[in-house]
Amino acid sequence: MKKTIAILSNHHAWTYNLRLEIIEKLIIEGYRVVLLVGYGKKIDELVKLGCEFVDVPFNRHSTNPLNEINLLCLYYKILKDIAPDVVLSYTIKPNLYGAIVCRFLNIPIITNITGLGTAVEYPGILRTILLTVYKIAFKKVHLVFFQNEVNRNFFVKEGIVKDNYDVLPGSGVNTERFKYLEYPQTSDVEFIFISRVMKEKGADEFINAAVRVKKVYPNVKFHICGFCEQAYESQLQRLHETGVIIYHGMVDNVLEFLKISHCTVLPTFYPEGMSNVLLESCASGRPIITTNRPGCGEIVDDGINGYIIKAQDTEDLIHKMLTFISLSYEQKKEMGILAREKVKKQFNRNIVVDRYLKVINAICSR
């Protein structure tokens, strides 16, 4: 009989984009894979691979206690019914609720800390509550995968994990899917910001830098791709209409935009796990400009494959943008080549898949 692996996630597209290779590998190795996530268009593609699917409606931002209890109970009912041999979970709610349920059902669970989230990042009552829940939920977790050492050190310091952890190179990047893209030969630089348009991701710094750099270099272009938080809608519309920003909204195929860009900019101060946007940009041969925050600073070698900037510092971002603009075509292109070399060596998704498979095989062979 096939061993069963259940995967708890919070979004169909992220499950496909970031977990596809581990899912494919598990199916090839003869495992039964069951996805517990809300339905979306990517689910059909995953089912075609051989996955089973259970629709778990999910509201990532909900703080309604009734909704959270319902989600917890739903996880319990489904996991009890399918009786998986191992559960894999990703992101905060699936990690916490999955760990609680697996503790009661005595199912080994491997959690993946994809970032701490702002609630844990800053002191307050919510942080205290969350840390308490983590300590209770993670008491019997088989293994906790972290995406950066800062998150690992924080969980060790808080006593949430002891010796049941490991650090991965983020979610890794598929360097076959994200192949090297020929560097654009246009003389005017095109910067791109790919992220949710929100304060913590550095939207203010990118927008303010675009306004000012545009005055010095009118032909430089500034692209924004991503879901727009309501607070930025009118500002982006105005800047788009005046030609300062080119706002594309949510995009399905980020590669089409990386093709035309010269440099990816992410001035984030959000508590990242490991930035997939930066990994994908580097894999495509694009230099990056980002902060030294955990999950970003590990990807950039300052002055080699991009530039590090101070978080929430528009002046520093402008300075690094102008520095980049002043480089020759060959210097920019070389930065991109070195960016790809770095992620191929250090952040290849095969590394992540192999580490997962090793742990899963060990559990299932007992």
* **strands (runs of 3 or more DSSP E) completely within the stretch 87-177 that count 2 or more residues being touching a Leu at 6+ places or on another chain (Cβ under 8 Å) and among the aliphatic types (A, V, I, L, M)** => 109-113
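Only one residue in H248, H223 is in contact with a helix residue (DSSP H, G or I) (Cβ under 9 Å, 6 or more places away or on another chain) and within 19 Å of P287 (Cβ to Cβ). Which one?
From the options H248, H223, the qualifying one is H223.
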* To do: Go over the candidates I289, I363, I308 one by one and state the one that is outside any strand (DSSP E or B) and either hydrophobic (A, V, I, L, M, F, W, C) or under 19 Å from G202 (Cβ atoms) (or both).
  => I363
* Structure fact -> Taking the stretch 290-348 and keeping only residues that are under 19 Å from the mean Cα position of the chain (by Cα) and in contact (Cβ under 8 Å) with a residue 60 or more places away in the chain, one is left with T291, P294, G295, E298, A311, R340, K342, V343, K344, Q346, F347, N348
* Test result for D252, more than 24 Å from Q147 (Cβ to Cβ) and touching a residue at least 40 places away in the same chain (Cβ under 8 Å) -> no
* To do: Would you point out the residue of the stretch 115-161, among those that are touching a residue at least 40 places away in the same chain (Cβ under 8 Å), open to solvent by 40 Å² or more (accessible area, probe 1.4 Å) and under 23 Å from Y75 (Cα atoms), that is nearest to the chain's Cα centre (by Cα)?
  => H142
* May I ask you to verify whether M250 is open to solvent by less than 50 Å² (accessible area, probe 1.4 Å) and closer than 29 Å to K333 by Cα? => no
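When you scan the stretch 35-59, how many residues do you find that are buried (at least 20 other Cβ atoms within 10 Å of the Cβ) and either at pLDDT below 95 or under 22 Å from T114 (Cα atoms) (or both)?
Count: 5.
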* Which residues, taken from the stretch 258-273, are out of contact with any Asp or Glu (no Cβ under 9 Å at 6 or more places or on another chain) and open to solvent by 10 Å² or more (accessible area, probe 1.4 Å)? -> E272
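The values are calculated or read from the model by the stated rules, or taken from the named source; none is laboratory data. Only a predicted model underlies this, so the values are computations on that prediction, with no experimental measurement involved. Glycine also receives a Cβ, built like all others from the backbone with ideal geometry; neighbour counts cover every protein chain displayed. Calculation scope for accessible area: heavy atoms of the full protein, side chains included, ligands and nucleic acids excluded. Shrake-Rupley method; radii C 1.70, N 1.55, O 1.52, S 1.80 Å.
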